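Student: Here's a structure for you.
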Amino acid sequence: MPTYNGTSDITQFNLKPGQQAERKLLVTIAEWEEPYGSSTVTCREILGTRTPDSSIDYNADIETETDIRGNNYTDVTRTQPQQDLDPYKILGGSRLGAFLNQIRRRNDLSELNAFTVYVVTMYAGTEGQYETEKHDDCTITYTSVGGDTRVSMPISVYLSNKITLGTIDKIAEDFTFTPDAG
């Protein structure tokens, strides 16, 4: 059995010992196709602008049983990862906000299921190679629209678990995703 040497057998965080990862080092990026003339254009948006708090909840299905000897066993059968962004403010220049608003106006709910979502863990990569999970066939829904003095459209992002592991080269909407070898 190989022995653990403390460096090469696990993915290392790019943090100093004892340093906590800041929230801004966990980035979610939505990607979708929009019609443009007779073809389509790929659009991306980094999520979280003006959202003060958001986490990815994994919503695990957990089965627990006790055998005839009194031992407890727990199995996790699946996760249903979800991220809520509340508020998701309607901001000028937000392509995702405009796209979701058009879907809402047309009530064309089938378009809510056609997103790719990238979850970037910048604390587990290096500059130019940020560790990323690419989730295909995700759903992004709006939960309401309105507000008191400003218009907000809170959204929920449902990750598909159709995951390709890889890296992106930068935190910008024009990044390049490189799948892991193997």
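Student: Got a sec? Which of Thr74, Thr3, Thr42 is more than 21 Å from Asp136 (Cβ to Cβ), at pLDDT 80 or above, over 14 Å from the mean Cα position of the chain (by Cα) and not acidic (Asp, Glu)?
Tutor: Thr74
Student: Scanning segment 142-160 for residues that are free of Cβ contacts under 8 Å to residues at least 60 places away in the same chain and surrounded by 16 or more Cβ atoms within 10 Å (Cβ to Cβ), which turns out nearest to Gln82 (Cα to Cα)?
Tutor: Ser160
Student: Tell me, which residue of segment 57-77 that is β-branched (Val, Ile, Thr) and free of Cβ contacts under 8 Å to residues at least 12 places away in the same chain is nearest to Ser156 (Cα to Cα)?
Tutor: Thr64
Student: I've got another one for you. Could you pull out every one of the strands (runs of 3 or more DSSP E) wholly within segment 93-182 that has 2 or more residues that are among the hydroxyl-bearing types (Ser, Thr, Tyr)?
Tutor: 115-126, 129-142, 155-158, 163-168
Student: Same structure again: Given the residues Ile103, Ile90, which is the only one that is more than 20 Å from the chain's Cα centre (by Cα) and of a type in the set (A, V, I, L, M)?
Tutor: Selected residue: Ile103, the only one of Ile103, Ile90 that is more than 20 Å from the chain's Cα centre (by Cα) and of a type in the set (A, V, I, L, M).
Student: Also, I was wondering about something else. Can you name every residue in segment 52-71 that is under 16 Å from the mean Cα position of the chain (by Cα) and surrounded by 10 or more Cβ atoms within 10 Å (Cβ to Cβ)?
Tutor: Scanning segment 52-71 gives Ser54, Ser55, Ile56, Asp57, Tyr58, Asn59.
Student: For residues in segment 85-102 being farther than 21 Å from Thr149 by Cα and in contact (Cβ under 8 Å) with a residue 40 or more places away in the chain, which is surrounded by the most Cβ atoms within 10 Å (Cβ to Cβ)?
Tutor: Among those that are farther than 21 Å from Thr149 by Cα and in contact (Cβ under 8 Å) with a residue 40 or more places away in the chain, it is Leu96.
Student: Taking Met122 and the conditions (1) over 16 Å from Ser54 (Cβ atoms); (2) modelled with pLDDT under 90; (3) touching a helix residue (DSSP H, G or I) at 6+ places or on another chain (Cβ under 8 Å), which numbered condition does it fall short on, given that it satisfies the others?
Tutor: Condition (1) is where Met122 drops out.
Student: Could you run through segment 19-51 and say how many residues are surrounded by 16 or more Cβ atoms within 10 Å (Cβ to Cβ), assigned to a strand (DSSP E or B) and not hydroxyl-bearing (Ser, Thr, Tyr)?
Tutor: Total meeting the criteria: 10.
Student: Here's a follow-up. Within segment 161-180, is even one residue touching a residue at least 24 places away in the same chain (Cβ under 8 Å), over 30 Å from Leu15 (Cα atoms) and in contact with a Lys or Arg (Cβ under 7 Å, 6 or more places away or on another chain)?
Tutor: Checking segment 161-180: not a single residue is touching a residue at least 24 places away in the same chain (Cβ under 8 Å), over 30 Å from Leu15 (Cα atoms) and in contact with a Lys or Arg (Cβ under 7 Å, 6 or more places away or on another chain).
The values are calculated or read from the model by the stated rules, or taken from the named source; none is laboratory data. Given the structure is predicted, the values throughout are model-derived calculations rather than measurements. Heads up, the Cβs are rebuilt from the backbone with ideal geometry, glycines too, and the neighbour counts pull from every protein chain shown.
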